[in-house]
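Accompanying notes for the structure given below.
The values are calculated or read from the model by the stated rules, or taken from the named source; none is laboratory data. None of these values were measured; they are calculated from a predicted model. A quick note on method: Cβ atoms are made from the backbone with ideal geometry, for glycine too, and the neighbour counts reach across all protein chains shown. These accessible areas exclude ligands, DNA and RNA; they are computed on the full protein's heavy atoms, side chains included. Shrake-Rupley method; radii C 1.70, N 1.55, O 1.52, S 1.80 Å.
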Amino acid sequence: MDERTKTLIRECREKEFHAYGTSKIFERRAKTYRNYINILTFLGIVVPVSIGAVVLSFGTEWKYLAGVLVVASVISLLQLVISVWSIVASWSGKLEIASNAIQGNTRLYNEWKALADHPDEKLESKVQEVRRLNQEQEMNDLRQDISDKEKRFAMHESLFYYKRPCQTCEQVPKSKKATNCDMCGNY
């Protein structure tokens, strides 16, 4: 294998490593937004259904109905405020963006891995094409304000997955639990 091919394979491995970590950032975000939306949906359904069930079970003359309605009203008001916030903060839009980023970065991970695992005579041209895709995805990802904390999380996830030592703390992460390292921990 010539030196140029070795250099291209090293590039593919590095890009594979980073695509994996970036996909983990967006998996985490997607899970968070999905949970927020599920809780909001649950509250929007459970409160009216519960009031209906109470009235059907005990009738409108039940002595505790007024108290139950006060509690339900407070929960409904809270749900309304959170619903407005979810629209303003665009939780569903952010979930869609995160889901698309997961797909894009996973596709890149698979492309880079395949190129490194099975180099052929067209490796250089294939790498050029995947570089273009990588650059597009990177531009999309940069618009999502990835924090330093999330970058450390991605580094930790990749180091854990690939069983590599961190360049700063020189430790191979043994679990997904955050460490005190400023390169692969503190997230």
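When every alpha-carbon pair in segment 19-74 is counted, what percent end up more than 19 Å apart? Could you put the intermediate results ahead of the total?
Working: 783 of 1540 pairs.
Tail of P(r) above 19 Å: 51 percent of Cα pairs.
Before anything else, pin down the relative contact order of the chain: Cα pairs under 8 Å, at least 6 apart, normalised by residue count, whole percent. Walk me through the intermediate numbers first.
Values: 171 pairs, mean separation 59.7, N = 187.
This gives 32 percent for the chain.
Can you tell me the 0 to 90 degree angle between the C-alpha axis of helix 65-89 and the longest principal axis of the chain, rounded to 10?
30
Counting other C-beta atoms within 10 Å, and keeping those with at most 13, which DSSP coil GluC sites (Glu not before Pro) do you find in segment 145-187?
170
(i) -0.63, -1.18; (ii) -0.73, -1.08; (iii) -0.66, -1.06: which one is log10 I(q)/I(0) by the Debye sum over Cα atoms at q = 0.12, 0.17 Å⁻¹ as calculated from this entry?
(ii)
Looking at segment 85-187 from every direction and averaging, what is the projected area of its Cα convex hull in nm²?
On the way: hull surface 32.8 nm².
Across all orientations, segment 85-187 yields a mean hull projection of 8.2 nm².
Using the Cα atoms as the points, what is the convex hull volume per residue of segment 36-111 in Å³?
Each residue corresponds to 87 Å³ of Cα convex hull volume.
Using R₀ = 45 Å, calculate the FRET efficiency as 1/(1 + (r/R₀)^6) where r is the Cβ-Cβ separation of residue 2 and residue 87; round to 0.05.
In this case the efficiency is close to 0.20.
Would you check the accessible area of residue 181, probe 1.4 Å, heavy atoms only, in square angstrom rounded to 10?
Ignoring ligands and nucleic acids, residue 181 comes out at about 10 Å².
Out of the GluC sites (Glu not before Pro) in segment 1-76, which ones are loop residues according to DSSP with at most 16 other C-beta atoms within 10 Å?
When the GluC sites (Glu not before Pro) of segment 1-76 are filtered for loop state and at most 16 Cβ neighbours within 10 Å, 61 remain.
Roughly how tilted is helix 3-58, in degrees to the nearest 10 and between 0 and 90, from the longest Cα axis of the chain?
The two axes meet at around 10 degrees.
How would you order 63-70, 76-83 from highest to lowest mean count of nearby Cβ atoms within 10 Å?
On the way: 63-70: 11.0, 76-83: 13.9.
Result, highest mean Cβ count within 10 Å first: 76-83, 63-70.
Heavy-atom accessible area per residue, the chain, 1.4 Å probe: how many Å²?
Accessible area per residue, the chain: 65 Å².
Pick from 60, 168, 106: which is most flexible by mean-square fluctuation in a GNM of the chain where alpha carbon atoms under 10 Å apart are linked?
For the chain, modelled as a Gaussian network with Cα springs under 10 Å, the answer is 60.
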